[in-house]
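Colleague: Input: one structure, supplied below.
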Number of protein chains: 2
Amino acid sequence: MNKDFIYKQVYQDLKGSILSGQYKTGQKLPSENELKTIYKTTRVTIRQAFDELIKEGFIYKEHGKGTFVKSETRSLGLLSFKGFSEVVGEEYNAHSKVIIQPQVRRFPTPFFYELSPTEVKYGCVYLERLRFADETPVMLEQTYLPNIEVISSPNNLSRIDSLTEDTLIGGSLFKTLHTKFSIEVIGLEQAIKAIESEKYTANFLKMKTKKPLLYIERRYLTSRSSFYIYSTLYCNTDKYAISSSF
Amino acid sequence: MNKDFIYKQVYQDLKGSILSGQYKTGQKLPSENELKTIYKTTRVTIRQAFDELIKEGFIYKEHGKGTFVKSETRSLGLLSFKGFSEVVGEEYNAHSKVIIQPQVRRFPTPFFYELSPTEVKYGCVYLERLRFADETPVMLEQTYLPNIEVISSPNNLSRIDSLTEDTLIGGSLFKTLHTKFSIEVIGLEQAIKAIESEKYTANFLKMKTKKPLLYIERRYLTSRSSFYIYSTLYCNTDKYAISSSF
DNA sequence: CAAAACTACTTGTATATACAAGTTATCTAT
DNA sequence: ATAGATAACTTGTATATACAAGTAGTTTTG
């Protein structure tokens, strides 16, 4: 699939070998010079493949020593951009409840992220979901999807607000975006703070007001450049901490 | 300071110009060809500088269009496993103060991570550091290094507790571990919570007690398998949020 | 007038090469 | 035997160059 470029080929080969266990944790990979000979290319190209793998946390380098496989714990907990059910559902009995069904709104001002004029102009589809782990409410997520034009089917323009008409596929927003609009979430930026719970959040998360709450502002990056999804998250971390690893 | 390499120089110049507002959000940077002429270097070197700035979220590229300044987020990328000074020091005037010099202790019980019998037996070297960004105390870090045997120089066994004898190289624990024991930190696992500040933590972080505090439990992975470094972090996120991206 | 072609500019991928700097093991002189 | 030099390996930085591919504006063509 990604065979167009040499560095992508090298990248995929190495990634495959790591994931299939051919190269094990801590093991040294072939040196840049060896790989350059194998692939009949140059060190620059091999380094390009290495850079990708480093960025994704598969390998690391040590100057003068070599390049090594990182530990296989690449699961990223809730700090990753994977959907909630995808990450948490593997371990706990996780489910969500839609508090506010998708509805068209204007973006609040001020917004926690700088918006483009287009985003402001078209407004957003807003929805609010409460997340549970083992029957305990752990997270309140408020999501803003810019109401831009998307191609839902060939020669058929529509807007994100067609989301409001049906429920989320399998309870998953990401899956719905993929199926309906073939939009993929490819990354995220986030800022994390500790704040005090207020009436609204405390009520949903079954906690007292003025108690510590993990607050996260997110911007999801998608395959459709310049289409971002925004979320604010309120997490009750009393029982369930948020985890990640690199 | 980082003048040894051309790409570092370009990197610092551009970063400075962005932070000082000379290049504003969304603005187009000079093209790679223009910069290559200005700095009397090659595109490859300019691209290396750009890559760093992309990784740190200062700029982004659009194929065929150019390179642009991202919106400023003003937050600390502390969720990565890079050392504090390494991540924060590039952007802010960051420094640390050692509150408790490295000293040999037993591991507290219960400990936030399950320890191996060996780790418990040998105890740990404990140290406590307060981290500043622009003169504001933002983070209190308590670190536990298992006091295992390490090879400091050929045929010379010693323990981590030889750390207690001298100060940290360049104020950096990671650099000291690298130089003295050739131990590299290659990753981390962490759990994040929101808690209330107590007297001790509130005092150092110049905040009131019972106020929200970001609390992080960490286990750093090193190139020496089965040697982990443990840390607990208390972050005042009032002024500086913690950020990350994938 | 509108579509197509062209042009100039941008970043993306690639080759070929060189030397610097860190690591490791071996060899050598004391 | 031990310390120091050396050699062979690794990744890091750098030069010089070429063509591909995406973007945007201008010119040509129908």
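The values are calculated or read from the model by the stated rules, or taken from the named source; none is laboratory data. Small disclaimer: the values here were computed from a predicted structure and weren't measured. A quick note on method: Cβ atoms are made from the backbone with ideal geometry, for glycine too, and the neighbour counts reach across all protein chains shown. All accessible areas refer to the heavy atoms of the entire protein, side chains included, with ligands and DNA or RNA removed. Shrake-Rupley method; radii C 1.70, N 1.55, O 1.52, S 1.80 Å.
Colleague: For the range B:48-68, how many residues meet the condition of being within 12 Å of DNA strand C (Cβ to nearest atom), within 12 Å of chain A (Cβ to nearest Cβ) and open to solvent by less than 50 Å² (accessible area, probe 1.4 Å)?
Modeller: Of the residues in the range B:48-68, 1 are within 12 Å of DNA strand C (Cβ to nearest atom), within 12 Å of chain A (Cβ to nearest Cβ) and open to solvent by less than 50 Å² (accessible area, probe 1.4 Å).
Colleague: Restricting to the range A:36-51, what's the tally of residues that are among the hydrophobic types (A, V, I, L, M, F, W, C) and more than 8 Å from DNA strand D (Cβ to nearest atom)? Break it down stepwise before answering.
Modeller: Residues of the range A:36-51 that are among the hydrophobic types (A, V, I, L, M, F, W, C), as a first pass: A:38, A:44, A:46, A:49-50.
Filter once more, keeping what is more than 8 Å from DNA strand D (Cβ to nearest atom): A:38, A:46, A:49.
Qualifying residue count, the range A:36-51: 3.
Colleague: Tell me, yes or no, whether the range B:165-178 has at least one residue that is at pLDDT 75 or above and within 11 Å of chain A (Cβ to nearest Cβ).
Modeller: Scanning the range B:165-178, I find at least one residue that is at pLDDT 75 or above and within 11 Å of chain A (Cβ to nearest Cβ), so the answer is yes.
Colleague: Out of everything in the range B:23-35 that is surrounded by 12 or more Cβ atoms within 10 Å (Cβ to Cβ) and away from chain A (no Cβ under 14 Å), what residue ends up being farthest from DNA strand D (Cβ to nearest atom)?
Modeller: That would be B:Tyr23.
Colleague: Collect the residues in the range B:13-36 that are within 10 Å of DNA strand C (Cβ to nearest atom) and over 11 Å from B:Thr67 (Cα atoms), keeping them in residue-number order.
Modeller: Residues of the range B:13-36 that are within 10 Å of DNA strand C (Cβ to nearest atom), as a first pass: B:28-36.
B:Asn33, B:Glu34, B:Leu35, B:Lys36 - these are the residues of the range B:13-36 that are within 10 Å of DNA strand C (Cβ to nearest atom) and over 11 Å from B:Thr67 (Cα atoms).
Colleague: Something else about it: Evaluate the following for A:Ser244: is it modelled with pLDDT under 95, farther than 30 Å from B:His63 by Cα and within 12 Å of another protein chain (Cβ to nearest Cβ)?
Modeller: On the way: modelled with pLDDT under 95: yes; farther than 30 Å from B:His63 by Cα: yes; within 12 Å of another protein chain (Cβ to nearest Cβ): yes.
The answer is yes for A:Ser244.
Colleague: Provide a single number: the residues in the range B:179-215 that are in a strand (DSSP E or B) and either surrounded by fewer than 20 Cβ atoms within 10 Å (Cβ to Cβ) or at pLDDT below 90 (or both).
Modeller: Applying the first criterion (in a strand (DSSP E or B)) to the range B:179-215 yields B:185-196, B:212-215.
After this cut, where a residue has to be either surrounded by fewer than 20 Cβ atoms within 10 Å (Cβ to Cβ) or at pLDDT below 90 (or both) as well, the list is B:185-193, B:195-196.
Residues that pass the stated criteria total 11.
Colleague: Give the number of residues within the range B:131-148 that are in contact with a Phe, Trp or Tyr (Cβ under 6 Å, 6 or more places away or on another chain) and of a type in the set (Phe, Trp, Tyr).
Modeller: 1
Colleague: Filtering the range A:4-29 down to residues that are free of Cβ contacts under 8 Å to residues at least 12 places away in the same chain and more than 25 Å from the chain's Cα centre (by Cα), which residue is farthest from B:Leu221 (Cα to Cα)?
Modeller: Quick first cut of the range A:4-29, residues free of Cβ contacts under 8 Å to residues at least 12 places away in the same chain only: A:4-5, A:12-13, A:16-17, A:19-22.
If we keep only those that are more than 25 Å from the chain's Cα centre (by Cα) too, we end up with A:4-5, A:21-22.
Working: A:Asp4: 36, A:Phe5: 33, A:Gly21: 20, A:Gln22: 22 Å.
Only one residue fits best here, namely A:Asp4.
Colleague: For B:Lys65, indicate whether it is more than 24 Å from B:Ile192 (Cβ to Cβ), in contact with a strand residue (DSSP E or B) (Cβ under 7 Å, 6 or more places away or on another chain), within 15 Å of DNA strand D (Cβ to nearest atom) and at pLDDT 80 or above.
Modeller: Numbers: more than 24 Å from B:Ile192 (Cβ to Cβ): yes; in contact with a strand residue (DSSP E or B) (Cβ under 7 Å, 6 or more places away or on another chain): no; within 15 Å of DNA strand D (Cβ to nearest atom): yes; at pLDDT 80 or above: yes.
No: the conditions fail for B:Lys65.
Colleague: Which residues, taken from the range B:227-241, are more than 10 Å from chain A (Cβ to nearest Cβ) and among the aliphatic types (A, V, I, L, M)?
Modeller: Within the range B:227-241, B:Ile229, B:Leu233 meet the criteria.
Colleague: Taking the stated definitions as given, is B:Arg224 more than 26 Å from B:Thr136 (Cβ to Cβ) and more than 9 Å from chain A (Cβ to nearest Cβ)? Let's see the steps before the verdict.
Modeller: Values: more than 26 Å from B:Thr136 (Cβ to Cβ): yes; more than 9 Å from chain A (Cβ to nearest Cβ): yes.
Answer is yes for this residue.
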